[in-house]
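The values are calculated or read from the model by the stated rules, or taken from the named source; none is laboratory data. As the structure is a computational prediction, the values presented were derived from the model and not from experiment. Cβ coordinates were reconstructed from backbone atoms using ideal geometry, including for glycine residues, and neighbour counts include every protein chain displayed.
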């Protein structure tokens, strides 16, 4: 593919009612979208606000909307997303309040993580004491494999920004929080399963999911929150039908 | 709780979530019933029209047939509830119509629709 000499980058500036500013950034052979944003801030406009930390796909803080799609900018090669004439459009993550420019406020995302009871509550030591012995969890057991499938989430918010149901229903917990809840429901050491299932049930929880799987499609860690949500639905279906809750 | 939920009388959110879960379960169960019932219904239509279709022939088959009445009563109940719960979800997502009052109204609409269907079946049975 012929490389345009210059990238024409539209960058969201301001808060929710902001506007696009245009910048011209030299195109390089090897260049991530985060490199482009950094170039703009360091060379063209130091007032640009954006967020990043590790630059190598570990922290999840550089997620933005690149040409209409939520991505980690540090792991997105410009060549893979740039338009034919060198166009790039950068916005903050969708479905979240905008702080300024490319920085979205992730508070609602993490608040919902809390609401879904996304924290481990040890069964053997509810008062925070250290259990007397190690819990033995066979790695090959079905429950542990279900938990392991979703455990690598780093909370970048890409799935949340990609979810249509979040856009329709501001109360919806979203894929990441529900995925986290499913890993804990399958953790045999956890003692808060019943409360957690209550927290993720209903219209604000797993039952609103349409299984359109944008979360699974776009998760940079290749996790499958959609399957986790289906697991929660299945569990709640049988528990409700058999009067177990 | 959403802004629209807050308009309703304050209620335990856990109970609300359970009621919503029950609606969801009801929709799945009625879907299973409908999956089977629609097949039986279509097969009946195909068989019924083979010798031409007349009112007398239909009534001959349905009058006093308890099994037929039971089947269509269950079918109508499942269809009424399934449709109303589905419309409830669409209304919640598209125009933000949510809350306990709306849920009760949808349930009433579902039962009313089912009652019309059951009344029609009764008319062919009696």
Kindly indicate whether residue B:97 is at negative phi and assigned to a helix (DSSP H, G or I).
no
When you go through A:161, A:201 one by one, which is the residue that is assigned to a helix (DSSP H, G or I) and modelled with pLDDT of 95 or more?
A:161
Return yes when residue A:27 is in contact (Cβ under 8 Å) with a residue 40 or more places away in the chain and either touching a helix residue (DSSP H, G or I) at 6+ places or on another chain (Cβ under 9 Å) or surrounded by fewer than 16 Cβ atoms within 10 Å (Cβ to Cβ) (or both) and no when it is not.
yes
Exactly one condition in (1) assigned to a helix (DSSP H, G or I); (2) within 14 Å of chain B (Cβ to nearest Cβ) is not met by residue A:244; state its number.
(1)
Counted residues in region B:22-70 being farther than 30 Å from residue A:209 by Cα and either under 18 Å from the mean Cα position of the chain (by Cα) or outside any loop (DSSP other than H, G, I, E, B) (or both) come to 22
Search region A:133-146 for residues that are modelled with pLDDT of 95 or more and pair each with any residue that is in a loop (DSSP other than H, G, I, E, B) and loosely packed, with under 12 Cβ neighbours inside 10 Å when their beta-carbon atoms are under 9 Å apart and the residues are at least 6 apart or on different chains.
A:144/A:138; A:145/A:139
Can you find even one residue in region B:104-122 that is under 30 Å from residue A:164 (Cα atoms) and within 14 Å of chain A (Cβ to nearest Cβ)?
yes
Those residues of region B:30-65 that are within 14 Å of chain A (Cβ to nearest Cβ), surrounded by fewer than 16 Cβ atoms within 10 Å (Cβ to Cβ) and touching a residue at least 24 places away in the same chain (Cβ under 8 Å) come to a total of 1
Output the residues belonging to region A:212-245 that are within 14 Å of the chain's Cα centre (by Cα) and either outside the structural domain of residue A:148 (by TED's automatic domain parsing) or at pLDDT below 95 (or both).
none
Got a sec? Which of A:94, A:149 is at pLDDT 95 or above, more than 23 Å from residue A:199 (Cβ to Cβ) and crowded, with 17+ Cβ neighbours inside 10 Å?
A:94
Restricted to region A:188-205 and to residues being more than 9 Å from chain B (Cβ to nearest Cβ) and surrounded by 21 or more Cβ atoms within 10 Å (Cβ to Cβ), the residue nearest to residue B:100 (Cα to Cα) is A:197
